[in-house]
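Below: the structure, in structure tokens.
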Amino acid sequence: MNEILNFFMQINEILPACPRAVDSFGKNDILMESMYGGYVMRVVKKIAAICCAVLVALCCVASLTLSGLLLSDRLTESAARVRPSYEREDLYATLGKAQWTEEDYAFLYRQTGLGAEALDELKGDNKKIVSFQEALFAEWETEHFVPPPSPVTSRDILKHEAAPIAPLKAGDVLVSSACHIFGWRHGHAAIVINSGTGTTLECISLDVPSAAGSTGWFGISSNFMVLRLKAEYRERVNPAEVASAAWETLRDIPYDFTVGVLSPKYQGERPASTQCGHLVWQAYINFGLDVDSDGGAVCSPQDIARSPYFDVVQVFGFDPLKLW
């Protein structure tokens with residue numbers, strides 16, 4: 001709201017100058033009338049009045065537009081994190097089973113946000129699995145800020161601590177809707193390069209070329225999803241090789257949110273410019289997999305999140321039944 005108040009204060013400083021600008025013509029009325037006559041003087045005054053009226057109208061339109069955009073952003077921030085639409089249930093009876101059925105996997109996914117592969121890897125560590133359930137259903141406090149160098153993009157983060165992240169593998173993809181601008185949650189995406197160090201490859205913002213990032217960026221975000229190439233596609237494409245090739249080929253590429261619109265979406269194995277969703281898409285299209293779910297000109301993090309090529313390894317801050 002401070003931005004709105006500051007904007008109106010600036011308008012209040014401008015508007016009083018309008019009548020003064022019109023009245024200033026009166027100081028030289030006698031000279032003007034002697035040279036051009038009263039008719040020309042009236043025309044000049046009328047033009048000046050019209051210009052001031054147009055300026056006032058433009059200021060009003062601009063203030064209303066800005067107010068609407070800022071309000072949209074505030075409403076978006078209120079939905080920074082979504083808890084499950086159902087109640088939390090006890091897990092220990094299911095966790096104690098020697099083997100899990102499909103119904104058990106589905107139940108545990110709804111209760112923890114963990115997919116089958118993550119559950120299999122954590123099987124036997126009941127305390128760890130329950131910690132994911134606690135994180136999924138907890139009332140996390142979030143805060144919002146504008147990270148540099150972007151002057152308008154906002155990001156929603158967890159205020160006090162990071163959320164747990166499922167065991168990762170090279171080639172996994174992380175997506176989040178925590179980034180937004182004027183009510184539009186464009187989000188962020190990255191590909192895991194080294195699961196041991198938590199290193200990712202990402203293209204995060206204007207004036208920042210693609211470079212190494214951290215899975216920790218997602219851990220403190222208000223929401224995220226961990227995606228992994230489905231087993232049926234891993235028979236012909238090794239995600240670890242995708243990650244290794246991306247690291248060698250797709251670093252130090254300038255950020256450009258218009259790629260796919262003002263420049264071709266596919267520009268060979270190393271594009272001239274990219275953005276976060278496009279970078280992940282590029283990493284996999286270089287191996288023949290188009291992970292853009294709608295196949296449009298622009299590949300967004302949400303397009304990646306909805307790709308049929310990926311399984312959900314973990315979901316946090318989204319409703320597991322609705323996702324993004």
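Remarks
- Taken along the Cα-to-beta-carbon direction at a fixed 7 Å, the label points for Glu134 and Val146 span 3.8 nm.
- Amide hydrogen neighbours beyond the local backbone of Gln314, cut-off 5 Å, H modeled: Gly115, Val226
- Cα gyration tensor shape for region 120-213, rounded if a/c is under 1.5, else prolate or oblate: oblate
- Taken along the Cα-to-beta-carbon direction at a fixed 7 Å, the label points for Asp290 and Ala245 span 1.7 nm.
- Solvent exposure ordering (accessible area, 1.4 Å, most first) of His278, His144: His144, His278
- What the Cα convex hull of region 210-286 gives, in volume per residue, is 113 Å³.
- For region 99-239, the per residue solvent-accessible surface stands at 43 Å², with DNA, RNA and ligands left out and a 1.4 Å probe.
- To put it simply, the accessible area of region 225-297 at a 1.4 Å probe is 49 percent carbon and sulfur.
The values are calculated or read from the model by the stated rules, or taken from the named source; none is laboratory data. None of the values given here were measured: they were computed from a predicted structure. Virtual Cβ from ideal backbone geometry, glycine too; neighbours counted across all protein chains shown. Side chains are part of the model used for accessible areas, which takes the heavy atoms of the whole protein and leaves out ligands, DNA and RNA. Shrake-Rupley method; radii C 1.70, N 1.55, O 1.52, S 1.80 Å.
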